[in-house]
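A.B. asks: Dropping the structure in here first, questions after.
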Amino acid sequence: VTHLAAARYIGRFAPSPTGPLHLGSLVTAVASFLHARLHHGQWLIRVEDIDHTRSLSKVAEQHIRDLSLLGMHSDAAVVRQSQRQTYYRQALSQLERLGVLYGCQCSRQERANQEGRGGCCLCFGKNLSLANHALRIHLGAPAVQEQLTACQTFYDEKMGRFTQDLSTQVGDFVLRRADGAISYQLAVVVDDAQQQITHVVRGADLLDNTPRQILLQRLLQLPTPSYAHIALVLAADGKKLSKQNGASALQVNTPQQRLTCLLEAAAHLHLNLPQNGSINTLDQFWHAATLAAALTTQ
Ligand SMILES: [Zn+2]
């Protein structure tokens, strides 16, 4: 771990193993990989399988294999959220000691109705036990109020200044479900800190999750990385490209297929690659893509 501690830049790509790698996830992977290369940094893969069962570990293996075939290798052992429950529980205890959590027994339907409405849920003030209920963070708690100004506005490297009023636009959010499952918001904060991530490059669908994550970082006294959210690849229906709206699995079995995938991802990132036929190998691609990325960020 000592060599990681010395690095000035540690980035990561964190796929969810919900289906095979498709163009949308590849674009994010390439963006974060190039960003790390430009900064002479390290690049890590983390499998975000917190919501998923072990049966999906084959999918995660496939992601790692596909990325590696495309020339993207993790600079440290791949971390899986499903194996890190102890750390998430420690973070919850830390938040409990700050007096910012309350138990919640809202049904799935009630939770869905409250989504994005702001405020607290009906369970606030009922003093439900923290042990066997879902847990929410109370944005009105004094320890949270102290941090709100510092986390509701942040500067994103790609999207610019972003502001969100957590109390009215998000409300008290769930950190642990009643069945014990840890929320993505908490897991990602704990993992980014433990992997000493300095730069997060990820899809723009997570832009509005960032103030929540900065809040948790501040409450847990963890550093806030720098953020760059990149435009998503959209499907024909205008939504984020996903398995549900027809994203097909990347074909990476032959060298030509690999090059085709990478060139398509580079086009989505508006990288100005030479069109003179000089890119015929993975090495040539990564060399040209790194140069092009350096020019676009100037
Ligand atoms: Zn509730």
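The values are calculated or read from the model by the stated rules, or taken from the named source; none is laboratory data. Treat the numbers as computed from the prediction; the structure is a model and nothing was measured. Quick reminder, even Gly has a Cβ in these numbers, built from the backbone with ideal geometry, and neighbours come from all protein chains shown.
A.B. asks: Hey, can you tell me all the residues within region 154-203 that are more than 15 Å from the chain's Cα centre (by Cα) and assigned to a helix (DSSP H, G or I)?
C.D. replies: Leu166, Ser167, Thr168, Gln169, Val170, listed by residue number.
A.B. asks: Does Leu70 qualify as being more than 16 Å from the ligand (Cβ to nearest atom), at pLDDT 95 or above and touching a Lys or Arg at 6+ places or on another chain (Cβ under 6 Å)?
C.D. replies: yes
A.B. asks: Follow-up question, since we're still on this one. Just to be sure, is Gly11 modelled with pLDDT of 90 or more, part of a loop (DSSP other than H, G, I, E, B) and either under 30 Å from Gly171 (Cα atoms) or among the hydrophobic types (A, V, I, L, M, F, W, C) (or both)?
C.D. replies: no
A.B. asks: If you don't mind, another one. Yes or no: Ala293 of a type in the set (A, V, I, L, M, F, W, C), assigned to a helix (DSSP H, G or I) and at pLDDT below 95?
C.D. replies: yes
For every residue, the table says whether it meets (1) more than 9 Å from the ligand (Cβ to nearest atom); (2) more than 25 Å from Gln145 (Cβ to Cβ).
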position	(1), (2)
Arg84	yes, yes
Leu92	yes, no
Arg97	yes, no
Gln109	yes, yes
Gln114	no, no
Gly118	yes, no
Cys123	no, no
Lys126	no, no
Ser129	yes, no
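A.B. asks: Then there's this: Looking only at residues that are hydrophobic (A, V, I, L, M, F, W, C) and loosely packed, with under 13 Cβ neighbours inside 10 Å in region 112-148, which one is farthest from Asn209 (Cα to Cα)?
C.D. replies: Ala131
A.B. asks: Does Gln152 qualify as being in contact with a Pro (Cβ under 9 Å, 6 or more places away or on another chain), among the polar types (S, T, N, Q) and more than 16 Å from the ligand (Cβ to nearest atom)?
C.D. replies: Yes, satisfied.
A.B. asks: Taking Arg136 as meeting all but one of (1) over 24 Å from Ala31 (Cα atoms); (2) among the basic types (Lys, Arg); (3) away from the ligand (no atom under 16 Å from the Cβ), write down the number of the exception.
C.D. replies: Of the numbered conditions (1) over 24 Å from Ala31 (Cα atoms); (2) among the basic types (Lys, Arg); (3) away from the ligand (no atom under 16 Å from the Cβ), the odd one out for Arg136 is (3).
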